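The values are calculated or read from the model by the stated rules, or taken from the named source; none is laboratory data. Keep in mind the model is a prediction, meaning the values are calculated, not measured. Using ideal geometry, Cβ is built from the backbone for each residue, glycine included, and neighbour counts are taken over all protein chains shown.
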Amino acid sequence: MFVVLAASIVLVIATIIVLYETLRLTSEHLAALPVPPRWRIVVVVLAAFAGHTAAVWIYAAAYWLLVLQLGLGAFSGVPVTSLEDCAFVSVVAYSSLGYGDHAPVGHARLLTGVEALNGLLLIGWSASFTYLAMERYWPLHGKAHAHRAATARHPADGEAGRKPLSPPAAGT
């Protein structure tokens, strides 16, 4: 039980860092992309999806190691025998879809429960990030000068087209 609890903490921290870095890099480079505003929103959604996909695979690797290799827990229903099966279990847990083919047993229940809570929080986080991007770029749709306006130097931006989505830290 202690190993699975410790692994859960490490997995939560690792997936938070992965999504944080994904969103941070997206924010830093979004304004500099030489694409119209609508494609910037698409880039945000794809980046968030990539961050969530990485998080799912991190949990899948943990299931493979902890459940299939070390025997800390199990899955009932359709047998889970490969990394791909673990990825399916992870997607189901992370997205809070619910169990169908595979159900966790023993210590795997703790890991899938933590993953579901983690996925819920991270999906909400990326949804709010997407909202910020849409709030910034959506009004530029349909304007002939949208691309130029998005990359032009604005006094509030400080640097041409490099304004991140998040507000500056207090005291800066």
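Does L46 count as farther than 28 Å from T130 by Cβ, modelled with pLDDT of 95 or more, of a type in the set (A, V, I, L, M) and surrounded by fewer than 21 Cβ atoms within 10 Å (Cβ to Cβ)? Even if it seems obvious, please write down each step before you answer.
Working: farther than 28 Å from T130 by Cβ: no; modelled with pLDDT of 95 or more: yes; of a type in the set (A, V, I, L, M): yes; surrounded by fewer than 21 Cβ atoms within 10 Å (Cβ to Cβ): yes.
In short, no.
Quick one: count up the residues across region 1-29 that are crowded, with 20+ Cβ neighbours inside 10 Å and more than 17 Å from G73 (Cα to Cα).
5
Among what's in region 57-93 and is in contact (Cβ under 8 Å) with a residue 40 or more places away in the chain and within 15 Å of the chain's Cα centre (by Cα), pick the residue that is nearest to T22 (Cα to Cα). It would help to see each step written out before you state the result.
Initial filter on region 57-93 (in contact (Cβ under 8 Å) with a residue 40 or more places away in the chain): 58-59, 62-63, 66-67, 70, 72-73.
Add one more test, that the residue is within 15 Å of the chain's Cα centre (by Cα), and what stays is 58-59.
Values: I58: 15, Y59: 17 Å.
The extreme case among them is I58.
Note down all Cβ pairs under 8 Å where the first residue falls in region 11-36 and is farther than 16 Å from A61 by Cα, the second is of a type in the set (D, E, K, R) and part of a loop (DSSP other than H, G, I, E, B), and they're at least six residues apart or on different chains.
Within 8 Å, the pairs are E28/R162; A31/D157; A31/R162; A31/K163; A32/R162.
If you go through region 57-75 one residue at a time, do you hit one that is over 18 Å from V3 (Cβ atoms) and in contact with a helix residue (DSSP H, G or I) (Cβ under 8 Å, 6 or more places away or on another chain)? Even if it seems obvious, please write down each step before you answer.
At the first step, the residues of region 57-75 found to be over 18 Å from V3 (Cβ atoms) are 57.
Add one more test, that the residue is in contact with a helix residue (DSSP H, G or I) (Cβ under 8 Å, 6 or more places away or on another chain), and what stays is 57.
Yes: region 57-75 contains one or more residues that are over 18 Å from V3 (Cβ atoms) and in contact with a helix residue (DSSP H, G or I) (Cβ under 8 Å, 6 or more places away or on another chain).
For region 59-71, name all the residues that are among the aliphatic types (A, V, I, L, M) and crowded, with 20+ Cβ neighbours inside 10 Å. Reasoning before the result, please.
First pass over region 59-71, keeping only residues among the aliphatic types (A, V, I, L, M): 60-62, 65-68, 70.
Residues satisfying the conditions are A60, A62, L66, V67.
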